[in-house]
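Below: the structure, in structure tokens.
The values are calculated or read from the model by the stated rules, or taken from the named source; none is laboratory data. Predicted model, so just to flag it, every value in this text is computed and none were measured. Positions of Cβ are generated from backbone atoms using ideal geometry, with glycine treated the same way; all protein chains shown enter the neighbour counts. These area figures cover heavy atoms from the full protein model, side chains too; ligands, DNA and RNA do not enter into them. Shrake-Rupley method; radii C 1.70, N 1.55, O 1.52, S 1.80 Å.
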Amino acid sequence: LYMYTDIGMTYGPFSPNGSAYIANLGDASPAQYQNAPLTYPCQGTTNTVYQSTVNGETPVPIINGQTIQFPIGTPVAIVGNASDTIALSSGTMTDPGGSVINLDLLDSATDGNHEIASFAAVAFPASPLQPNTTYNVSLTGTDNGTPFSRNFSFTTGNTAY
């Protein structure tokens, strides 16, 4: 996961010898988010997938020594600035009936594969969510040792991936 504010692009015919026209639209400086950490989904997101069945993910995420089992519910990505260290301490989702869904928390300290960057984290339900349903999310943690909390709602669609 890389966060950049500017991009470069290619256009025109591509050939095996690597010829293409290139336009440089700026530098590759890391983005700086003023309200970090940010989440996706975030407040008001609609039509997000309700489950992930990514059986081919390599390496399969490991949390506290346990390999996760697919399918899982909609993951919530948490991202700070490139120089940040994000640590999650709690996370829940609440369905429309008020049932609390505990979230598995994955950050650089709990990632058994050592693939998660220190500025990122993921929280996800161990079971698929329901399609076309609104969920309330509550996350707490620290960003460079400073406590943060994020509370928001998002709505699933009828698509799984």
Filter result for the condition that a residue is at pLDDT 95 or above and over 15 Å from Val122 (Cα atoms), over Gly91, Gly97: Gly97
Please indicate, with yes or no, whether at least one residue in the range 52-65 is in contact with a Leu (Cβ under 8 Å, 6 or more places away or on another chain) and surrounded by fewer than 18 Cβ atoms within 10 Å (Cβ to Cβ). no
Residues satisfying the stated conditions in the range 122-161, i.e. part of a loop (DSSP other than H, G, I, E, B) and either buried (at least 18 other Cβ atoms within 10 Å of the Cβ) or touching a helix residue (DSSP H, G or I) at 6+ places or on another chain (Cβ under 6 Å) (or both): Pro125, Pro128, Leu129
For the range 91-118, name all the residues that are within 20 Å of Ile62 (Cβ to Cβ), open to solvent by 20 Å² or more (accessible area, probe 1.4 Å) and not charged (D, E, K, R). Asn102, Leu105, Ser108, Ala109, Thr110, Gly112, Asn113, His114, Ile116, Ala117, Ser118
